[in-house]
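Asks: Dropping a structure here in structure tokens format, bear with me for questions.
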Number of protein chains: 2
Amino acid sequence: MVSIRYYPLMLKSPVALLDLVDRLASLMRAEFRRVGAEAGLMPVHMQALMFLDQVNRFSNTPQALAEYLGLTKGTISQSLLLLDRRGLIERYQDEVDKRVVRLRLSSLGEAFLGQANPTELWQVASRDVSANRVRYSVSVLRAILYEVQAQREGPPFGVCHTCVYCQRKSQRIYHCILFGERLSGPETRKICREQTPKSGHLSAGE
Amino acid sequence: MVSIRYYPLMLKSPVALLDLVDRLASLMRAEFRRVGAEAGLMPVHMQALMFLDQVNRFSNTPQALAEYLGLTKGTISQSLLLLDRRGLIERYQDEVDKRVVRLRLSSLGEAFLGQANPTELWQVASRDVSANRVRYSVSVLRAILYEVQAQREGPPFGVCHTCVYCQRKSQRIYHCILFGERLSGPETRKICREQTPKSGHLSAGE
DNA sequence: ATCATAAAGTATCGATTCAATACTTAAAAA
DNA sequence: TTTTTAAGTATTGAATCGATACTTTATGAT
């Protein structure tokens, strides 16, 4: 009996999209390898540095990085050890929960990232794609990402200001009902692990 | 204690798109690892099997696979050896150029792919995304992929029937000018290493 | 309060990928 | 023919990565 395994490579097929995502990631991984090779760093190290460069002070933990990359905390711990030995990151204990280790780029790490510029190839390659098309694709991929994480019972990681718990108090002040914390405007545009989307903010589109 | 983890969000930026591509690929890689683990296969083995399932008869070589995944031929050779030992693929010499090894899935390999179904998670996750939105995103990512390949001077690896060398002779007969061979309809829906996109299939949009 | 359980992180070990290098064979070019 | 290039394999060594066990701290139950 012949089973249907894959849809043929038709442009409408989600599998075609998966192929592209996979292939682009493979090539960028090779690029990260190339860029990091001079400094003796592996692709996963470059990804960790880029993660720490972009994440805010509430998400800079080994566990969050492990979830982000789909690796185990033990594996990540090793990569972070190497980055620490090279002086590219700094680790410090969380004040409230003393089990938690917080991470940040060192000045050396920031300098290295700025000089190595691992996303340059991607930025050059997407130079001629309009902001609209980028935004549209981002919304599609994020919808899929949301579902992938839901399937695997991972944290939802949705946008804060589309969450039912996010309430606007005044012009510049937001408040999260769930955690009872005040949020700045920029913070509400980041992704929250506990996000619960309002209706009309998923999959249907922009 | 409940913790909040924020992740950055830059809707219009190409780097945001790269983040999503990278992250989705990381999670799918973890999924491939999970699916292949029962059979003792690594993510790269799953990717190789999926590649062989989708590639046309001009591109089913170790070299093509290496370029597709951004790895060296020596690395790929090892992965293929394992798949051969497991009886999941078959290797045979090319008739014309005897240096070339051709690859195909064995019936066991096909059965395994059908049963393991590594893309199931992705298909479920993208179930509610419309065909139009998928197609739009595919066109955006393909444009970026084409530029990445151009920058790195690698072959583009596109779908046959969007290629300038693919010409329709009659209702069911196609012809590849580059290879000078006749193509069946299904064949034109596979991935080809030498694909050169027609104008209107890149960057400008659909 | 006390004990049990869970969570964050680290250490260690083994398996496997992956790059680098050298080598073989065959094709192409001189 | 001779030389050079290309496809593929074998070997070796480094380093990722998962699994497991362990430490420390936080949380929950009795």
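The values are calculated or read from the model by the stated rules, or taken from the named source; none is laboratory data. In this text, all values refer to a predicted model and were calculated from it rather than measured experimentally. All Cβ positions, even for glycine, are placed from backbone atoms using ideal geometry, and neighbour counts span all protein chains on display.
Asks: Determine which member of the set A:ALA25, A:ALA48, A:ALA37 is more than 7 Å from chain B (Cβ to nearest Cβ), crowded, with 19+ Cβ neighbours inside 10 Å and closer than 28 Å to B:ARG142 by Cα. First the steps, then the outcome.
Replies: Details: A:ALA25 fails: more than 7 Å from chain B (Cβ to nearest Cβ); A:ALA37 fails: crowded, with 19+ Cβ neighbours inside 10 Å.
On inspection, the qualifying residue turns out to be A:ALA48.
Asks: Determine, yes or no, whether A:GLY74 is away from DNA strand D (no atom under 11 Å from the Cβ) and modelled with pLDDT of 85 or more.
Replies: Working: away from DNA strand D (no atom under 11 Å from the Cβ): no; modelled with pLDDT of 85 or more: yes.
So A:GLY74 fails the test.
Asks: Let me ask you something else. Which condition breaks for B:LEU65 when tested against (1) more than 13 Å from every other protein chain (Cβ to nearest Cβ); (2) modelled with pLDDT of 85 or more?
Replies: (1)
Asks: Now a separate question. Given the structure, is A:ASP84 within 11 Å of chain B (Cβ to nearest Cβ), within 16 Å of DNA strand C (Cβ to nearest atom), over 17 Å from B:SER26 (Cα atoms) and surrounded by fewer than 21 Cβ atoms within 10 Å (Cβ to Cβ)?
Replies: Numbers: within 11 Å of chain B (Cβ to nearest Cβ): no; within 16 Å of DNA strand C (Cβ to nearest atom): yes; over 17 Å from B:SER26 (Cα atoms): yes; surrounded by fewer than 21 Cβ atoms within 10 Å (Cβ to Cβ): yes.
Spelling it out, it is not the case that A:ASP84 is within 11 Å of chain B (Cβ to nearest Cβ), within 16 Å of DNA strand C (Cβ to nearest atom), over 17 Å from B:SER26 (Cα atoms) and surrounded by fewer than 21 Cβ atoms within 10 Å (Cβ to Cβ).
Asks: Sort out which residues of the range A:96-113 are within 15 Å of DNA strand D (Cβ to nearest atom) and either closer than 18 Å to A:GLY36 by Cβ or among the β-branched types (Val, Ile, Thr) (or both), and write them in order of number. Explain how you work it out, then say what you get.
Replies: If we filter the range A:96-113 for residues that are within 15 Å of DNA strand D (Cβ to nearest atom), which is where we start, we get A:96-102.
Correct list: A:VAL96, A:VAL100, A:VAL101.
Asks: Given (1) away from DNA strand D (no atom under 13 Å from the Cβ); (2) β-branched (Val, Ile, Thr); (3) more than 9 Å from chain A (Cβ to nearest Cβ), identify the lone condition not met by B:VAL15.
Replies: It is condition (3) that B:VAL15 fails.
Asks: Determine whether the range B:94-108 contains at least one residue that is assigned to a helix (DSSP H, G or I) and surrounded by fewer than 20 Cβ atoms within 10 Å (Cβ to Cβ).
Replies: So in the range B:94-108, the residues assigned to a helix (DSSP H, G or I) come out as B:107-108.
Next cut, surrounded by fewer than 20 Cβ atoms within 10 Å (Cβ to Cβ) only: B:107-108.
Yes, because at least one residue in the range B:94-108 is assigned to a helix (DSSP H, G or I) and surrounded by fewer than 20 Cβ atoms within 10 Å (Cβ to Cβ).
Asks: Of all residues in the range B:52-73, which are in contact (Cβ under 8 Å) with a residue 40 or more places away in the chain and out of contact with any Ser or Thr (no Cβ under 8 Å at 6 or more places or on another chain)?
Replies: Hits for the range B:52-73 are B:LEU52, B:ASP53, B:GLN54, B:VAL55, B:ASN56, B:ARG57, B:PHE58, B:SER59, B:ASN60, B:THR61, B:ALA64, B:GLU67.
Asks: A further question follows. Just give me the residues in the range B:118-139 being surrounded by fewer than 14 Cβ atoms within 10 Å (Cβ to Cβ) and at the interface with chain A (Cβ under 7 Å from one of its Cβ atoms), in sequence order.
Replies: Listed by number, the residues that qualify are B:ASP128, B:ALA131.
Asks: Do the conditions hold for A:THR162, that is, is it modelled with pLDDT under 90 and within 16 Å of DNA strand D (Cβ to nearest atom)?
Replies: Numbers: modelled with pLDDT under 90: yes; within 16 Å of DNA strand D (Cβ to nearest atom): no.
Against the criterion (modelled with pLDDT under 90 and within 16 Å of DNA strand D (Cβ to nearest atom)), A:THR162 does not qualify.
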